[in-house]
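Student: Before we start, here is the structure in question, set down as structure tokens.
The values are calculated or read from the model by the stated rules, or taken from the named source; none is laboratory data. Computed from a predicted model, the values in this text were never measured in an experiment. As a convention, Cβ positions derive from the backbone with ideal geometry for all residues, glycine included, and neighbour counts pool all protein chains shown. Note: areas computed on protein heavy atoms with side chains; ligands, DNA, RNA excluded. Shrake-Rupley method; radii C 1.70, N 1.55, O 1.52, S 1.80 Å.
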Amino acid sequence: MTPPRKLHIKSYGCQMNVYDAQRMVDTLGAEGFVETADAGDADLVILNTCHIREKASEKVYSELGRLRVAKEEAAKAGRAMQIAVAGCVAQAEGAEIIARAPTVDVVVGPQSYHHLPQLLSQASRGERAIETEFPAEDKFGFLAKPSREAIRARGVSAFVTVQEGCDKFCTFCVVPYTRGAEMSRPVARIVDDVMQLTESGVREITLIGQNVNAYHGDGPDGRAWTLGRLLYRIAEIPGVARIRYSTSHPNDVDDDLIAAHRDLRAVMPFVHLPVQSGSDRILDLMNRRHGAADYRRVVDRFRSVRPDIAFSSDFIVGFPGETEEDFRATLALIDQIGYAAAYSFKYSPRPGTPAADMQEMVSATEMDERLERLQSLIDSQQAAFNRSAIGTVVDVLFERAARKPGQLVGRTAYLQPAHVMASEDIIGQVLPVRIDSLERYSLLGELVTTPAARPDVASLMSIGG
Ligand code: SF4
């Protein structure tokens, strides 16, 4: 019997990449690969890259430099190592990677992972392979499904991609170029995936897509279903205790989605709703196609049906042309909304995007200073939000043993980690926990028998900075 070949996959960036990496592991598992944590010991190393962060491609090339040494050592030991570059940098700069890095055997864009086995065989015959097209077929229909053991090993919470690509063309963003036009998977395929996951013990499903609430997949009735309708269908699947979705665009929040939050207890009252800036002028330059007031109205619509809903968001500081007044408008918006968490970044240009040609760059010192002010406001809101849980009883989905012996860790509806002393039998269950204290970002508490209502967090969140 041929021994299994070893695969090491290093994934950067967003949830989509985490999910894609798992599906590559499943697909290559069907071809006889097993995962190894040691790149030096692998027969195949895949770098699953992300183009969002600054200097993304430089980081890929320095990682490839290290892998070249590992590949040479493997060759000296009589072992052939293949190196593949996947993800958004592969999509954006595939030809250049092939030209600049002779150590790379395969370059594969995110829409072509189902072709990996053929691309690797092509490379084994000495022909370096590159595929960065946007094929018409749904790659997920061709990628191997995970085994029951793989699902169990990945835990009680799982991602399912429902949508890929984006048609919005925000001026700072590479996604429309690296992931292509919006594509939604059919409802029936998503339902099959979720059923397979829940049959193997998954309790929490996060539906993911670059622009997830632009979902418009074919429904069983032959019509395009909205994300809201999809949520109702997913909530009917036995074993689904919690549903989340990410990442949403404010303009695609429709009545179905609001109704799903009103009607479905399984839909978690925590929404990641990026706004990027609070200044209408900057939002316009970003081509976000909404203003700050539109965003506030969307938040109000959610809150009108679920007063306990909380929000996280993304912010870019120092977008070209951002003045102190624009930045203050962002702080004002944060103050008005009150966030449970947020991700904030300094603007950095992405080659090929319209914003990369904008001239009025904000100085590095100003960017640093603004980022610090914004993060300190968000931190104070997050701390207040977490403190508001003390003394209340919250539902926790238990995920795994914590580092401290006898302690388990789970997540609240708001994705806060919660620690309790309890037996591992309750992993996979959603149980009420009385929160006693806070340790940095973690809630500490104890199991109780009867859940009690949590206070209206919308009012708690309006305390601002
Ligand atoms: S909506 Fe999101 S994914 Fe689409 S272009 Fe804008 S930032 Fe990028």
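Student: Can you spot a residue in segment 263-272 that is modelled with pLDDT of 95 or more, within 14 Å of the ligand (Cβ to nearest atom) and either among the polar types (S, T, N, Q) or over 19 Å from Cys173 (Cβ atoms) (or both)?
Tutor: At the first step, the residues of segment 263-272 found to be modelled with pLDDT of 95 or more are 263-272.
Retained after the next criterion (residues that are within 14 Å of the ligand (Cβ to nearest atom)): 272.
Among the residues that remain, those that are also either among the polar types (S, T, N, Q) or over 19 Å from Cys173 (Cβ atoms) (or both) are: none.
No, segment 263-272 contains no residue that is modelled with pLDDT of 95 or more, within 14 Å of the ligand (Cβ to nearest atom) and either among the polar types (S, T, N, Q) or over 19 Å from Cys173 (Cβ atoms) (or both).
Student: Same structure again: Mind checking whether some residue in segment 332-339 is aromatic (Phe, Trp, Tyr), outside any helix (DSSP H, G or I) and touching a helix residue (DSSP H, G or I) at 6+ places or on another chain (Cβ under 9 Å)? Even if it seems obvious, please write down each step before you answer.
Tutor: Here is the first cut: in segment 332-339, the residues aromatic (Phe, Trp, Tyr) are 339.
Now narrow it down to the ones that are outside any helix (DSSP H, G or I): 339.
With touching a helix residue (DSSP H, G or I) at 6+ places or on another chain (Cβ under 9 Å) added as a condition, the list becomes 339.
Yes, some residue in segment 332-339 is aromatic (Phe, Trp, Tyr), outside any helix (DSSP H, G or I) and touching a helix residue (DSSP H, G or I) at 6+ places or on another chain (Cβ under 9 Å).
Student: Just to verify a result, which residue in segment 247-261, among those that are within 14 Å of Val299 (Cα to Cα) and crowded, with 17+ Cβ neighbours inside 10 Å, is nearest to the ligand (Cβ to nearest atom)?
Tutor: Per the criteria, the residue is His249.
Student: In addition: Out of Gly94, Gly78, which single residue is under 25 Å from the mean Cα position of the chain (by Cα) and surrounded by fewer than 23 Cβ atoms within 10 Å (Cβ to Cβ)? Steps first, answer last, please.
Tutor: Details: Gly78 fails: under 25 Å from the mean Cα position of the chain (by Cα).
Just a single option satisfies the conditions, and that option is Gly94.
Student: Something else about it: Can you confirm whether Asp284 is of a type in the set (D, E, K, R), away from the ligand (no atom under 16 Å from the Cβ) and either in the same structural domain as Ser200 (by TED's automatic domain parsing) or at pLDDT 95 or above (or both)?
Tutor: Working: of a type in the set (D, E, K, R): yes; away from the ligand (no atom under 16 Å from the Cβ): no; either in the same structural domain as Ser200 (by TED's automatic domain parsing) or at pLDDT 95 or above (or both): yes.
For Asp284, the condition - of a type in the set (D, E, K, R), away from the ligand (no atom under 16 Å from the Cβ) and either in the same structural domain as Ser200 (by TED's automatic domain parsing) or at pLDDT 95 or above (or both) - is not met.
Student: Within the set of pairs 6 or more residues apart or between chains, which connect a residue that is touching a residue at least 12 places away in the same chain (Cβ under 8 Å) and among the small types (Gly, Ala, Ser) inside segment 268-289 to a residue that is crowded, with 18+ Cβ neighbours inside 10 Å and assigned to a loop (DSSP other than H, G, I, E, B) with Cβ atoms less than 8 Å apart?
Tutor: As it stands, the answer is Ser277/Met286; Ser277/Arg288; Ser277/Phe319; Ser277/Glu322; Ser279/Glu322, since those pairs meet every condition given.
Student: Right, something else. Determine whether segment 397-410 contains at least one residue that is among the aromatic types (Phe, Trp, Tyr), touching a Gly at 6+ places or on another chain (Cβ under 7 Å) and open to solvent by less than 70 Å² (accessible area, probe 1.4 Å).
Tutor: yes
Student: Related question: If a residue has to be surrounded by 21 or more Cβ atoms within 10 Å (Cβ to Cβ) and assigned to a loop (DSSP other than H, G, I, E, B) to count, how many in segment 279-292 make the cut?
Tutor: Residues that pass the stated criteria total 3.
Student: So which of Pro320, Pro349 ends up being touching a helix residue (DSSP H, G or I) at 6+ places or on another chain (Cβ under 7 Å), within 26 Å of Glu93 (Cβ to Cβ) and open to solvent by less than 10 Å² (accessible area, probe 1.4 Å)? Steps first, answer last, please.
Tutor: Values: Pro349 fails: open to solvent by less than 10 Å² (accessible area, probe 1.4 Å).
None of the others qualify; the one that does is Pro320.
Student: Ok, one more. Tell me which residues, restricted to segment 157-180, are open to solvent by 20 Å² or more (accessible area, probe 1.4 Å) and more than 11 Å from the ligand (Cβ to nearest atom).
Tutor: Answer for segment 157-180, where residues must be open to solvent by 20 Å² or more (accessible area, probe 1.4 Å) and more than 11 Å from the ligand (Cβ to nearest atom): Ser157, Phe159.
Student: Then there is this: Of the numbered conditions (1) more than 22 Å from Cys166 (Cβ to Cβ); (2) within 20 Å of the chain's Cα centre (by Cα), Ser246 satisfies every one except a single condition; which is it?
Tutor: (1)
Student: Among the residues of segment 24-62, what is the count of those that are more than 23 Å from Val174 (Cα to Cα), of a type outside the set (A, V, I, L, M), within 25 Å of the chain's Cα centre (by Cα) and buried (at least 19 other Cβ atoms within 10 Å of the Cβ)?
Tutor: 1
Student: Next question, about the same structure. Among the numbered criteria (1) within 18 Å of the chain's Cα centre (by Cα); (2) at pLDDT 85 or above; (3) more than 16 Å from the ligand (Cβ to nearest atom), which one does Phe140 miss?
Tutor: Failing condition for Phe140: (2).
Student: Only residues that are closer than 17 Å to Pro269 by Cβ and open to solvent by less than 10 Å² (accessible area, probe 1.4 Å): list them for segment 214-246, please. Lay out the reasoning, then the answer.
Tutor: As a first pass, look at segment 214-246 and keep what is closer than 17 Å to Pro269 by Cβ: 227-228, 231-232, 234-235, 240-246.
Matches in segment 214-246: Leu227, Gly228, Leu231, Ile234, Arg242, Ile243.
Student: Mind listing whichever residues of segment 293-317 are part of a strand (DSSP E or B) and crowded, with 21+ Cβ neighbours inside 10 Å? Talk me through it step by step, then tell me what you get.
Tutor: Our first condition is that a residue be part of a strand (DSSP E or B); within segment 293-317, this holds for 310-317.
If the condition is that a residue be part of a strand (DSSP E or B) and crowded, with 21+ Cβ neighbours inside 10 Å, then Ala310, Phe311, Ser313, Phe315, Ile316, Val317 are the ones that fit.
Student: Among the candidates Leu207, Leu197, single out the residue that is open to solvent by 10 Å² or more (accessible area, probe 1.4 Å) and closer than 22 Å to Asp395 by Cα. Can you show your working first?
Tutor: On the way: Leu207 fails: open to solvent by 10 Å² or more (accessible area, probe 1.4 Å).
Of the residues listed, the single one that is open to solvent by 10 Å² or more (accessible area, probe 1.4 Å) and closer than 22 Å to Asp395 by Cα is Leu197.
Student: For segment 287-300, enumerate the residues that are more than 16 Å from the ligand (Cβ to nearest atom) and in contact with a Leu (Cβ under 9 Å, 6 or more places away or on another chain). So that I can check it myself, show each step before the final result.
Tutor: Narrowing segment 287-300 to residues more than 16 Å from the ligand (Cβ to nearest atom): 292-293, 296-297, 299-300.
Selection gives Ala292, Arg296, Val299.
Student: A follow-up question, please. Look at Gly126 and say whether it is small (Gly, Ala, Ser), in the same structural domain as Tyr61 (by TED's automatic domain parsing) and not in a helix (DSSP H, G or I).
Tutor: Values: small (Gly, Ala, Ser): yes; in the same structural domain as Tyr61 (by TED's automatic domain parsing): yes; not in a helix (DSSP H, G or I): yes.
Taking the combined requirement at face value, the residue satisfies it.
Student: Turning to a different aspect of this structure: Take the residues in segment 98-131 that are β-branched (Val, Ile, Thr) and more than 19 Å from Gly13 (Cα to Cα); name whichever of them is surrounded by the fewest Cβ atoms within 10 Å (Cβ to Cβ). Don't jump to the end; show me each part of the working.
Tutor: Keep residues of segment 98-131 that are β-branched (Val, Ile, Thr), which gives 98, 103-104, 106-108, 130.
Imposing the further condition that a residue be more than 19 Å from Gly13 (Cα to Cα) reduces the set to 98, 103-104, 106, 130.
Numbers: Ile98: 18, Thr103: 16, Val104: 26, Val106: 24, Ile130: 20.
Among residues in segment 98-131 that are β-branched (Val, Ile, Thr) and more than 19 Å from Gly13 (Cα to Cα), the one surrounded by the fewest Cβ atoms within 10 Å (Cβ to Cβ) is Thr103.
Student: So which residues in segment 392-406 are assigned to a loop (DSSP other than H, G, I, E, B) and closer than 19 Å to Gly201 by Cα, if there are any at all? Talk me through it step by step, then tell me what you get.
Tutor: Filtering segment 392-406 for residues assigned to a loop (DSSP other than H, G, I, E, B) gives 392, 402-406.
If the condition is that a residue be assigned to a loop (DSSP other than H, G, I, E, B) and closer than 19 Å to Gly201 by Cα, then no residue fits.
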